[in-house]
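Accompanying notes for the structure given below.
The values are calculated or read from the model by the stated rules, or taken from the named source; none is laboratory data. For clarity, every value in this text was computed on a predicted model and none was experimentally measured. Using ideal geometry, Cβ is built from the backbone for each residue, glycine included, and neighbour counts are taken over all protein chains shown.
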Amino acid sequence: MHFDLEGTFGDDYLYFYEESIDDEHSDADCAEILGLLGLESGSAVLDAPCGHGRLARRLAAAGLQVTGVDVTRAYLEQARAEPALPTGATGTLTYLQGDLRQLPVGGPFDAVVCWLNSFGYYDDDDCHRVLAEFHRVLRPGGRVAIDTMHHDGGVRHFTPAPDAVVVQRGDDTMLELSTFDPITGRMIVERTVHRDGARRQASYFVRLPTPPEWVVWLERAGFRDVRFRAGGGGPLELDSWEMVVVATA
């Protein structure tokens, strides 16, 4: 299927999902990352993809040396337009445009953060390249943390077409029709947006590896000690919609 990158991760995405990436949710995500990885002040962190910098900025404000990488130029422009870090912040913040399959950095980083279901938008070979790149830029003993949709919980609870997930803001509406392909392990989504009198369509998919696949994929990329937990904390369960995968380089 055609993957409409620009249509999927454009301004409509930020507009309709604003509530899930607002200050409250972003603060909670940052706190979860800091608690999960236990990073010391001055640690070098790669946020990939960083989007419009909502987490990269908070991690830098917490005293970390943060590099954010994203392929979408408009997101990076928005991130760079934000005011300087708070007075007294000891962290640093750098943004680079680049593809996760060929990161424009060499590291070494103490941690790589890939958050908010930002993994799986490629075929399997390219997903393996992303993990290999994460491993390449980490120091030995550094860790990667990936926040993603849990395969089992996602399949059990998603809304299958012809029913749709509908997100509304005022008179604007986004509808997403989803199917799951058990052969490829992909959630396939057809999105229709009605906004400001205009109608736009986009299609995308996300690969949902099972936990055993995650172990194989990460070990193939050179990682070890692969661990899982539910998003937000607690043990991963069958019905968990979100999960966090952590592994050591």
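Matching residues to (1) in contact (Cβ under 8 Å) with a residue 60 or more places away in the chain; (2) among the β-branched types (V, I, T); (3) out of contact with any strand residue (DSSP E or B) (no Cβ under 6 Å at 6 or more places or on another chain); (4) not in a helix (DSSP H, G or I):
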residue: I188; (1), (2), (3), (4): yes, yes, no, yes
residue: R191; (1), (2), (3), (4): yes, no, no, yes
residue: Y204; (1), (2), (3), (4): yes, no, no, yes
residue: V215; (1), (2), (3), (4): no, yes, no, no
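If the condition is being under 17 Å from the mean Cα position of the chain (by Cα) and outside any helix (DSSP H, G or I), then region 6-48 contributes F9, G10, Y17, D22, V45, L46, D47, A48.
One residue stands out in region 100-126 among those that are of a type in the set (D, E) and not in a helix (DSSP H, G or I): the one that is modelled with the lowest pLDDT, namely D123. The single condition from (1) buried (at least 21 other Cβ atoms within 10 Å of the Cβ); (2) over 18 Å from the mean Cα position of the chain (by Cα); (3) closer than 22 Å to E219 by Cα that G107 fails is (1). When we screen R143, R129, R139 for residues that are in the same structural domain as C30 (by TED's automatic domain parsing), at pLDDT 95 or above, part of a helix (DSSP H, G or I) and among the basic types (K, R), the only hit is R129.
If you check E176 against the conditions, is it over 28 Å from L236 (Cβ atoms), assigned to a strand (DSSP E or B), in contact with a strand residue (DSSP E or B) (Cβ under 6 Å, 6 or more places away or on another chain) and free of Cβ contacts under 8 Å to residues at least 40 places away in the same chain? It is false that E176 is over 28 Å from L236 (Cβ atoms), assigned to a strand (DSSP E or B), in contact with a strand residue (DSSP E or B) (Cβ under 6 Å, 6 or more places away or on another chain) and free of Cβ contacts under 8 Å to residues at least 40 places away in the same chain. The residue list R58, R101, R80 contains one member that is surrounded by fewer than 17 Cβ atoms within 10 Å (Cβ to Cβ), of a type in the set (D, E, K, R) and within 18 Å of the chain's Cα centre (by Cα), which is R101.
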